[in-house]
1. For residues that are open to solvent by less than 70 Å² (accessible area, probe 1.4 Å) and of a type in the set (Gly, Ala, Ser), scanning just segment 199-234, find the one that is farthest from the chain's Cα centre (by Cα).
2. Residues of segment 151-192 being among the hydrophobic types (A, V, I, L, M, F, W, C) and surrounded by fewer than 18 Cβ atoms within 10 Å (Cβ to Cβ), which ones?
3. Name the residue, out of 92, 62, that is among the small types (Gly, Ala, Ser), open to solvent by less than 30 Å² (accessible area, probe 1.4 Å), touching a Cys at 6+ places or on another chain (Cβ under 9 Å) and farther than 24 Å from residue 134 by Cβ.
4. Report, by residue number, each residue of segment 27-62 that is over 20 Å from residue 115 (Cβ atoms), hydrophobic (A, V, I, L, M, F, W, C) and within 16 Å of the ligand (Cβ to nearest atom).
5. Could you grab me the full set of residues in segment 18-68 that are closer than 20 Å to residue 220 by Cα and assigned to a loop (DSSP other than H, G, I, E, B)?
6. Regarding residue 113, is this residue in a helix (DSSP H, G or I), of a type in the set (Asp, Glu), surrounded by 16 or more Cβ atoms within 10 Å (Cβ to Cβ) and out of contact with any Cys (no Cβ under 7 Å at 6 or more places or on another chain)?
7. Just to be sure, is residue 71 assigned to a helix (DSSP H, G or I), within 16 Å of the chain's Cα centre (by Cα), within 13 Å of the ligand (Cβ to nearest atom) and buried (at least 18 other Cβ atoms within 10 Å of the Cβ)?
8. So the check is Cβ under 9 Å with 6+ separation or different chains; which pairs have a first residue in segment 197-225 that's within 30 Å of residue 8 (Cα to Cα) and among the basic types (Lys, Arg) and a second one that's open to solvent by 70 Å² or more (accessible area, probe 1.4 Å) and at pLDDT 95 or above?
Amino acid sequence: MLLQNKVAIVTGGSRGIGYATVQAFLRQGARVALCASRQENADKAVAALKEEFPDADLLGIAPDLADYASVKAAFDKVEKTWGGIDILVNNAGVSDSTPFTAYTEEAFDRVLDLNVKGVYNCARAACDGMIARHSGVILNTSSMVSICGQPGGVAYPTSKFAVNGFTLSLARELGPQGIRVNAVAPGITETDMMRAVPKDVIEPLVAQIPLRRLGQPEDIANAFVFLASDLASYITGVTLSVDGMART
Ligand code: NAP
């Protein structure tokens, strides 16, 4: 198994891509703490996963990702339970489609607070132990919009460009301390986030994808497994597109 006895935290692990990532990590032997926005959502996901993986080491936590003290307290609890955090997957995110002239400061902040500040807070809270052990993997969830932008909802692509910059910069800073930092940039992936998008918008997009299908959460989870594992031990600072597209 690729992640035997590794301790992983997956934010946004209660649904969609994060949930599939938790499943994939458990299949590879990891112990996983999943984060949700509310404790009841985390508990519900843990209960469902316990049915599928009765012997799994699983925790459900719900820190406020935009608040460093809350994240640190929750991550300390994971470290106390299982020892150091080996793998952090920053996956929780919200998208947006507000037209630029309709934006409020609050709407803009809501996206940036979770998608950027949340990533910073979690990496900051996880990295002290990783630095002390000279070992660790931090993975971030970017998006294909970090390559091509998107019309409408400008906070969302802005946040994902920031995630790519954070990934590259942190990889350069923490590489000498034994920590790898990478991102995965999913294309349109069938989760609650994209189910809100009307079919007549999705169909023409699928026609432009060389592999002619939407992404499944498992497609993204498999990339996280690879990047978290020692198979990727010489890869850092990359944003790996997993989107069925063919481009440079
Ligand atoms: P999703 O199905 O909507 O799930 C979102 C996850 O994030 C849930 O676990 C949710 O927890 C958690 N979350 C939402 N708001 C939160 C908050 N304020 N605090 C803490 N957790 C919060 O999303 P998804 O499609 O799997 O997306 C996961 C990641 O992939 C995001 O970063 C997204 O930007 C990125 N992505 C998705 C797509 C796509 O097409 N789906 C494409 C590119 C990139 P609760 O269950 O508690 O609400």
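The values are calculated or read from the model by the stated rules, or taken from the named source; none is laboratory data. Here the structure is a predicted model, which is why all the values come from computation and not from measurement. Ideal geometry is used to build each Cβ from the backbone, glycine not excepted, and the neighbour counts take in all protein chains shown. Accessible surface areas use protein heavy atoms only, side chains included; no ligands, DNA or RNA. Shrake-Rupley method; radii C 1.70, N 1.55, O 1.52, S 1.80 Å.
1. Only one residue tops the list, namely 207.
2. Listed by number, the residues that qualify are 161, 168.
3. Going through 92, 62 in turn, just one is among the small types (Gly, Ala, Ser), open to solvent by less than 30 Å² (accessible area, probe 1.4 Å), touching a Cys at 6+ places or on another chain (Cβ under 9 Å) and farther than 24 Å from residue 134 by Cβ: 92.
4. Pass one, segment 27-62, residues over 20 Å from residue 115 (Cβ atoms): 27-33, 39-40, 43-60.
Going one step further and asking which of them are hydrophobic (A, V, I, L, M, F, W, C), we end up with 30, 32-33, 45-49, 53, 56, 58-59.
Correct list: 32, 33, 45, 46, 47, 48, 49, 58, 59.
5. Correct list: 28, 29, 30, 36.
6. Against the criterion (in a helix (DSSP H, G or I), of a type in the set (Asp, Glu), surrounded by 16 or more Cβ atoms within 10 Å (Cβ to Cβ) and out of contact with any Cys (no Cβ under 7 Å at 6 or more places or on another chain)), residue 113 qualifies.
7. In short, yes.
8. Qualifying pairs under 9 Å: none.
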